[in-house]
Ligand SMILES: [Zn+2]
């Protein structure tokens, strides 16, 4: 399973599926997770109606993102003409090259974008894009190497029976350079929509709320973080890779006091409904209580 954040899908819609094919860009994710949380566009790529060749600038941009954000390069997304939603034979060669130059990658995430139609529910490796088209999710793996003892067995047999020579050639040599590309189930992590709703609600009145996104690794677990800075308070939501099935951690900082005080706020997470209000509904009371206490200069209580 590959999880794409709604922000990544929205960016792919803006930079790829809004245009005629082929176009592409890089995908970065939270290390040691299956969450793709950053799309890096590639406007300098060499492209035609049937070719997408990533630019060197994309590589530089990816390296900068990896260093700056602590994210990891996961793969490349690109569009195809018509309804051709499978990787081509040239794509497979490119996937293998990418795996070879990125030895730290166990797998290479390589979705194909087509604009022929939206996703259909029966296809678990498809997601609809805005304003049009679909993402079809694939993952490429390194080819399996023939085991030495098996090689010897085939060598002996091929000598004994020359008509098996072609099988020997195929077994020992043939599969070595063929990358394994499999359709991969995928889902959407709706962070952007949910945070936009929280931000809207916190910003009521004259107080603006500034939002910054990030990533943090704590005690072996990885989280996508969203920091909302308002008048006299900071709210940090730490989303696990299993969101929205698992609730985020909610940290509240009263920045009016000296020194500022950070507490984790508790809230109930019983609804798994996919609508945008779900996060705000869950955290609203504990957040509003904490902010009210913060504004009147009282210590923040445990909710
Ligand atoms: Zn292609």
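The one condition from (1) within 16 Å of the ligand (Cβ to nearest atom); (2) in contact with a helix residue (DSSP H, G or I) (Cβ under 9 Å, 6 or more places away or on another chain) that residue 37 does not meet is (1). Residue 293 falls short on exactly one of the conditions (1) under 32 Å from the mean Cα position of the chain (by Cα); (2) crowded, with 16+ Cβ neighbours inside 10 Å; (3) at pLDDT below 90, and that condition is (1).
Could you say whether any residue in the stretch 18-34 is under 24 Å from residue 143 (Cα atoms), within 16 Å of the ligand (Cβ to nearest atom) and under 17 Å from the mean Cα position of the chain (by Cα)? Checking the stretch 18-34: at least one residue is under 24 Å from residue 143 (Cα atoms), within 16 Å of the ligand (Cβ to nearest atom) and under 17 Å from the mean Cα position of the chain (by Cα). Scanning the stretch 113-123 for residues that are farther than 16 Å from residue 24 by Cβ and within 16 Å of the ligand (Cβ to nearest atom) yields a count of 1. Within the stretch 214-227, the set of residues being at pLDDT 95 or above and either touching a helix residue (DSSP H, G or I) at 6+ places or on another chain (Cβ under 9 Å) or more than 18 Å from residue 279 (Cβ to Cβ) (or both) comprises just one member, 226.
Of the residues 59, 69, 63, only one is surrounded by fewer than 20 Cβ atoms within 10 Å (Cβ to Cβ) and in contact with a strand residue (DSSP E or B) (Cβ under 8 Å, 6 or more places away or on another chain); which?
69
Return yes or no: is residue 88 closer than 16 Å to residue 22 by Cα and surrounded by fewer than 18 Cβ atoms within 10 Å (Cβ to Cβ)? It is true that residue 88 is closer than 16 Å to residue 22 by Cα and surrounded by fewer than 18 Cβ atoms within 10 Å (Cβ to Cβ).
Identify the residue in the stretch 80-112 that is within 17 Å of the chain's Cα centre (by Cα) and near the ligand (Cβ under 10 Å from one of its atoms) and, among all such residues, is nearest to residue 129 (Cα to Cα). So, considering only residues that are within 17 Å of the chain's Cα centre (by Cα) and near the ligand (Cβ under 10 Å from one of its atoms), the one nearest to residue 129 (Cα to Cα) is 112.
Taking the options 259, 244, name whichever one is closer than 30 Å to residue 127 by Cα and part of a loop (DSSP other than H, G, I, E, B). Show your work before the answer.
Working: 259 fails: closer than 30 Å to residue 127 by Cα.
One residue alone meets the criteria, 244.
Got a number for residues in the stretch 16-33 being surrounded by fewer than 19 Cβ atoms within 10 Å (Cβ to Cβ) and in contact with a strand residue (DSSP E or B) (Cβ under 9 Å, 6 or more places away or on another chain)?
Kept after step one, since they are surrounded by fewer than 19 Cβ atoms within 10 Å (Cβ to Cβ), are these residues of the stretch 16-33: 18-20, 31-32.
Keeping just the survivors that are in contact with a strand residue (DSSP E or B) (Cβ under 9 Å, 6 or more places away or on another chain) gives 19-20, 31-32.
Selection size over the stretch 16-33: 4.
The values are calculated or read from the model by the stated rules, or taken from the named source; none is laboratory data. These numbers come from a predicted model, not from an experiment. A quick note on method: Cβ atoms are made from the backbone with ideal geometry, for glycine too, and the neighbour counts reach across all protein chains shown.
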